[in-house]
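The values are calculated or read from the model by the stated rules, or taken from the named source; none is laboratory data. On a predicted model such as this, the values are computed, not experimentally measured, just so you know. Here the Cβ positions follow ideal geometry from the backbone for every residue, glycine too, while neighbour counts run over all protein chains shown.
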C-alpha cells in the first residue's frame, strides 16, 4: 500500500484528484466498504483481473502506472477504456472521472454486457462461414494483431476445438507476451451462426463468447450474392467477478475485423 501511495503521490494528477485517489486506494487496501459499487476492492480486482495470475513486487508498479494514466486522461488503446475508469467513477463522482467515462460510452454503442456490429459482405454465407470455421481464417481476419498463428483443423460441430497462438504485445496493455488459447465452439449452425469461448491462462475459464450471425441480404437486384454479417462479443455469461474488466476488445476492433473478413472472403473467391 505504501508503494502504491508513494507512486501516486509522486505524480501530478491535479489538485482535486490526488488526495481523493490516495485516500480511496488506502481505504480499499484497508478493506473499508465505500458503498455498493465498491464491494470487492479495486486494488485486488486490478491485480487479479489485469494479469490473470499472481503478481510479484516487480509487476505491481505497472498496474499503478495504468491506473494513474487512466485517471490522468491518457489513452492507452481501445482495450484500455472502460474497466477501471467505470469502477473509480462509481465511488468518485468528480467531473474529470465522469467525463472520461462518458467519452468511453460515446464511442461504443453497446448493451451493458454485449457488443454487436454489422456489415454487408459481397459474398455468399457459405464462403464467409468457411473462413470463420477455419482456424487460419481467424488469424487472417484478426484486427487486434494478437493472433499470430493457429493449430487445428476446420471445425464442423458443436464442441470442436483448436488452438490459437497469441501475442499480447500488439495491444500493449499487459506484460503477458506469447501464450496460447484454446477455442471451443459453443454454437454451430452451418452458414448461419458460429460462436466460441476461449480457455487461456485463467482457470476456470472466464466465460465470455465471440460469434457471428450470417443472414442473406434482401436488397435490390444486380448486387449479386450479399450477406449481412453480425459480429458479437458477449460477456453476459462470464463469471461475475470478471465482468468489470469487459470489454477488452473494442467496437472498433470488431468493425475492423469485419472489414478484413469482407476483404479476405472476396480475395479467396477470386483465387478459387
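If you go through the range 162-190 and keep only what is assigned to a strand (DSSP E or B), crowded, with 16+ Cβ neighbours inside 10 Å and touching a helix residue (DSSP H, G or I) at 6+ places or on another chain (Cβ under 8 Å), you end up with 162, 164, 183. Within the range 236-272, being buried (at least 17 other Cβ atoms within 10 Å of the Cβ), over 17 Å from residue 147 (Cα atoms) and in contact with a strand residue (DSSP E or B) (Cβ under 8 Å, 6 or more places away or on another chain) holds for 247, 251, 262, 265.
Scanning the range 230-272 for residues that are within 14 Å of the chain's Cα centre (by Cα) and in a loop (DSSP other than H, G, I, E, B) yields 235, 236, 238, 246, 247, 248, 249, 250. Look at (1) surrounded by 19 or more Cβ atoms within 10 Å (Cβ to Cβ); (2) touching a strand residue (DSSP E or B) at 6+ places or on another chain (Cβ under 8 Å) and you find that residue 232 fails only one, number (1). Cβ separations smaller than 8 Å between residues 6+ apart or across chains give the following pairs from the range 245-266 residues that are within 25 Å of residue 202 (Cβ to Cβ) and in the same structural domain as residue 225 (by TED's automatic domain parsing) to residues that are part of a helix (DSSP H, G or I) and at pLDDT 95 or above: 257/141.
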